[in-house]
Amino acid sequence: MTTGVLVMAYGTPAGPDDVEAYYTHIRRGRPPTPEQLADLVRRYDALGGTSPMAERTRAQVRAIDEALQRIPDGGFVTELGQKHAAPFVEDGVAALAGAGVERIVGLVLAPHFSAGSVAQYHERAAATAAERGLPFIGIDSWHLLPELIDFQAAAVRESLATFPERTKVVFTAHSLPERVLEGDPYPDQLRRSAEATARAAGLATWAGWGLGWQSAGRTPEPWRGPDVLEIVRDLAGTGRADGLLVVPQGFTSDHLEVLYDLDVEAAAVAAEVGLAFGRTPVVNDDPAVMGALARTAADAAAGLRDRA
Ligand code: FEC
């Protein structure tokens, strides 16, 4: 009895020559304008040409697979499937089908559920699994996984030790258009994981921490805010804080949205307005969190087996 675990991630261009095709895929087949493309290439250039995300994602998949292989009589096969770069979600399902699995569990490397994010991975995986006659179950969210909260709380405590006393902690996630967030669980899940982390880190009150958004798309419609850049400026304007620590809780690996949008862009605005600025490390392939994700996938597989 074998179970396929499809670990899904956003994907990143393999190299500078792939940025246009990647951006076109994100825009659902509409190529970016030359200005939009140049702006994205400029941001990758600031990271040395490419994002470390591909390597980080592979390490995450490896760590989850190793933990799954340690489960006695588990019978797990693990494959990667990405949203916007090869191997795509559909390639991952095909590889699992080729390996002869009898069912597939989908696990997205993003902790919070939204119709505009995690649901899209699951829809594509479920459709491809159905074409092959394979039962599929997707894990919707894992934002309150104790190992994730512990990881983030420890990171907050360690980082704050190096910050001025009057430092505000802001938990960020990728913004989404307001249209998508109507009736969507994403904002509430973000609030809950931030609350759990703040409590575990011993942050006293709401006044000491808050929620923010980042990396909004470059489209004309309204996106959820306040954006982190606005938060940096507003906080400096209050005169009530000397530092800002960002916890990018919506992201699990080192990539453009963290290494550029926070470490370069937000850090530059903070320097301009005179605030000490930093952000906590993301999970990457942390063994405790990856082990807990493997356990979550195994539990979901057991549920799917019982239903058969
Ligand atoms: O290469 C890298 O290191 C970057 C990877 C990357 C991650 C990521 C995560 C999320 N996104 C989400 C939603 C959207 C929506 C749009 C959108 C646009 C972009 C663009 C790039 C990009 N995203 Fe992304 N995102 C990453 C990269 N994202 C590049 C192009 C715009 C730009 O220049 O920044 C708007 C699409 C449209 O135009 O219609 C919506 C969400 C996440 C977090 C969850 C997840 O990981 O799936 C949500 C990593």
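The values are calculated or read from the model by the stated rules, or taken from the named source; none is laboratory data. Predicted model only: the values in this text are computed from it and were never measured. Cβ atoms come from the backbone with ideal geometry, glycine included; neighbour counts cover every protein chain shown.
Among the residues examined, Ala292 qualifies as in the same structural domain as Ala110 (by TED's automatic domain parsing), away from the ligand (no atom under 16 Å from the Cβ) and of a type outside the set (Ser, Thr, Tyr).
Pairing each residue of region 279-305 that is at positive phi with any residue that is in a helix (DSSP H, G or I) and of a type outside the set (Val, Ile, Thr), provided the two are 6+ apart or on different chains, yields C-beta distances under 6 Å for Asn284/Arg56.
Residue-wise test of (1) crowded, with 16+ Cβ neighbours inside 10 Å; (2) among the polar types (S, T, N, Q); (3) modelled with pLDDT of 95 or more.
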| position | (1), (2), (3) |
| --- | --- |
| Gly100 | no, no, yes |
| Gly106 | yes, no, yes |
| Leu109 | yes, no, yes |
| Glu123 | no, no, yes |
| Ser141 | yes, yes, yes |
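Is region 193-215 home to any residue that is aliphatic (A, V, I, L, M), crowded, with 17+ Cβ neighbours inside 10 Å and modelled with pLDDT under 95? Yes, that holds for at least one residue. Taking region 204-259 as the range and being in contact with a Phe, Trp or Tyr (Cβ under 6 Å, 6 or more places away or on another chain), part of a strand (DSSP E or B) and among the small types (Gly, Ala, Ser) as the test, only Gly243 passes. Please verify whether region 255-277 includes one or more residues that are over 18 Å from Leu47 (Cβ atoms), under 18 Å from the mean Cα position of the chain (by Cα) and of a type in the set (A, V, I, L, M). No, that holds for no residue. Restricting attention to region 108-126, does a residue exist that is farther than 25 Å from Arg28 by Cβ, assigned by TED's automatic domain parsing to the domain that holds Ala297 and of a type outside the set (Phe, Trp, Tyr)? For region 108-126, residues farther than 25 Å from Arg28 by Cβ, assigned by TED's automatic domain parsing to the domain that holds Ala297 and of a type outside the set (Phe, Trp, Tyr): absent. Restricting attention to region 99-118, the residues being within 20 Å of Thr78 (Cα to Cα), under 14 Å from the mean Cα position of the chain (by Cα) and among the hydrophobic types (A, V, I, L, M, F, W, C) number 5.
Among residues that are of a type outside the set (Ser, Thr, Tyr), more than 30 Å from Ile104 (Cα to Cα), assigned to a helix (DSSP H, G or I) and within 16 Å of the ligand (Cβ to nearest atom), Glu265 is included. Listed by first and then second residue, the pairs with beta-carbon distance under 8 Å, at least 6 apart or on different chains, first residue in region 8-30 and assigned by TED's automatic domain parsing to the domain that holds Thr219, second modelled with pLDDT of 95 or more and of a type in the set (A, V, I, L, M), form an empty list. How many of the residues in region 156-207 are of a type outside the set (D, E, K, R), at negative phi, more than 16 Å from the ligand (Cβ to nearest atom) and over 17 Å from the mean Cα position of the chain (by Cα)? The total comes to 18.
Within region 232-259, track down each residue that is of a type outside the set (Gly, Ala, Ser) and closer than 17 Å to Leu160 by Cβ. Those that are of a type outside the set (Gly, Ala, Ser) and closer than 17 Å to Leu160 by Cβ: Leu235, Arg240, Asp242, Leu244, Leu245, Val246, Val247, Pro248, Gln249.
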